[in-house]
Amino acid sequence: MIELADVTYSYPHQAAPAVEHIDLRARPGQAILCTGASGSGKSTLVRLFNGLAPHFFKGGLRGRVRIAGADTADLSLARISRQVGTLFQDPEHQFFALNVADEIAAALEWQGLATGEIESRIAGVADRFGLRDILEASVHDLSEGQKQKAALAAVLAQRPRVLVLDEPTANLDPEATLELAGILGTLKADGIALVVVDHRLYWLEGLIDEAVVMENGRVAHRGPFADLRDDALRTRFGLRAVAVNDPRQTLPPLSAEAGRVSGQNLCFSYERDRPLLDGLCFDLPAGGVVGLLGPNGAGKTTLARLLVGLLRLNAGEVRIDGRPVRPSELLTRTGIVLQNMDHQLHMRSVRQELLTAAGTTRSLHTVEEAERMLVRFGLAHLAERHPQSLSGGEKQRLVIACGMIRHPEVLILDEPTSGLDGRNMETIARSLDEFAREGGVVLVISHDLELLEKTCTHRLDLAGHPRRA
């Protein structure tokens, strides 16, 4: 069992507590959900459960965090980690080894387990998660779903009593998401206590025993998962939908008519690998939002990088308004919001980040537009904060605002809603629609069924793109 008893926690150099008077308890075989708007304190709860707060982040802690009755203040991080396993949003952030087998073995070796015991545990989790065939594969060559399984196997090989999952579906396609739900159901039946922190709700139906909604660092609502079906409650707290449709088959394909941006017989492969794109043709219209679909590994992010000039085609050409465009020119006429937000944030404040994205000329118009963007994306109160101090959802909104303030002709977003709550997802959806209506071309790479349903007008499916004979 893990318990937070009247816990208040403040980060160093922060006047206001990140969370206040939190009472939460997860018993063996119980699953609790922590959800709420971006910046409401969910990430801090993860750090309290796994001991990173205050052992790593320092700061001030009042109240008690207990694991099986022991106060975590009296335990080292090493001891806490043996009982509380954490699956982070991006599995790569917790990888230490180069291949899957070594990744699973790493923590077990640090704990001093005998070789035979380590081999037995590797075999056990490999069979459980279907990893036998990829034990020697590089962790960097895995699909997102395989990375998630490998990271979860490495955690569970340590046999923790509690499993904490932070936005575990952010990088998973819908099929892998449902598979994860099944795995968690099995773990729950085995007596493991589960704490799930997520914005996406639809996949948790039937798994969660108690839903906790956070607001401004406090527990604002708690009850059974069925409470989240209340439209008024979700609107009040800015939550995602509980039930979503799958628009991947119902979205119309791209028209055969000439679009503003077109790909003509695009071919690309990484060094000596098999062709990832082989004769791909498409026309992206102005005024619409196109969902770029396909399973992990189909080439979606690669196509995005080709369209903005970050990669060079082996053959074929990209055209804008009917004219071929070189990669160097694409860089100035297009914009991309990367899946890893940290790679695009470099300034000392949120306001500086926007002003720098707008260009080198600091005219009155530029400054005023930056201020409007701060308000539009709910970042005005964070204008002087360092971008790296923001929550995941706040970073997500900032990089999208930075992409739009450049006024590119083509805007590409790679998984733009991984850290967004319902209210801010609506803001992003409206912004993309407005950008398209003003004549821009929008291409959205996403596994987020809710976002695809709300924003996209057409689909481009890489799973079966036209290939050369």
Quiz item: Exactly one of (1) out of contact with any Lys or Arg (no Cβ under 8 Å at 6 or more places or on another chain); (2) modelled with pLDDT of 95 or more; (3) surrounded by 11 or more Cβ atoms within 10 Å (Cβ to Cβ) is unmet by Val244. Its number?
Solution: (2)
Exercise. Tally the residues that are assigned to a helix (DSSP H, G or I) and of a type in the set (S, T, N, Q), restricting the search to region 152-197.
Key: 2
Self-check item: Selection status of Ser81, surrounded by 17 or more Cβ atoms within 10 Å (Cβ to Cβ), in a loop (DSSP other than H, G, I, E, B), in the same structural domain as Glu205 (by TED's automatic domain parsing) and out of contact with any helix residue (DSSP H, G or I) (no Cβ under 7 Å at 6 or more places or on another chain)
Solution: no
Quiz item: Looking at region 35-56, which of the residues that are over 22 Å from the mean Cα position of the chain (by Cα) and part of a loop (DSSP other than H, G, I, E, B) is surrounded by the most Cβ atoms within 10 Å (Cβ to Cβ)?
Solution: Gly51
Quiz item: Where in region 355-459 are there helices (runs of 4 or more DSSP H), lying wholly inside it, with at least 2 residues that are acidic (Asp, Glu) and in contact (Cβ under 8 Å) with a residue 24 or more places away in the chain?
Solution: 422-437, 449-455
Exercise. Could you check, for region 387-407, whether at least one of its residues is of a type in the set (Ser, Thr, Tyr) and over 25 Å from Gly309 (Cβ atoms)?
Key: yes
Quiz item: In region 9-34, which residues are part of a strand (DSSP E or B) and surrounded by fewer than 17 Cβ atoms within 10 Å (Cβ to Cβ)?
Solution: His21, Asp23, Arg25
Quiz item: Is there a residue being under 30 Å from Gly316 (Cβ atoms), in contact with a Cys (Cβ under 7 Å, 6 or more places away or on another chain), crowded, with 22+ Cβ neighbours inside 10 Å and at pLDDT 90 or above anywhere in region 445-458?
Solution: no
Quiz prompt | Breaking point among (1) surrounded by fewer than 22 Cβ atoms within 10 Å (Cβ to Cβ); (2) part of a loop (DSSP other than H, G, I, E, B); (3) in contact (Cβ under 8 Å) with a residue 60 or more places away in the chain, for Ala463 | solution = (2)
Quiz prompt | Looking only at region 151-188, and only at residues there that are among the charged types (D, E, K, R) and under 14 Å from Leu449 (Cβ atoms), the one that is surrounded by the most Cβ atoms within 10 Å (Cβ to Cβ) | solution = Asp173
Practice problem: With respect to Asn245, determine if the residue is part of a loop (DSSP other than H, G, I, E, B) and either under 17 Å from Lys300 (Cα atoms) or not assigned by TED's automatic domain parsing to the domain that holds Gly288 (or both). | Solution: yes
Quiz prompt | Tabulated pairs, region 318-338, first part of a helix (DSSP H, G or I), second of a type in the set (A, V, I, L, M, F, W, C), C-beta under 6 angstrom, 6+ apart or interchain | solution = Leu330/Val308
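The values are calculated or read from the model by the stated rules, or taken from the named source; none is laboratory data. What you see is a predicted model, and the numbers here were worked out from it, not measured in a lab. Note that each Cβ is placed from the backbone with ideal geometry, even for glycine, and that neighbours are counted across all protein chains shown.
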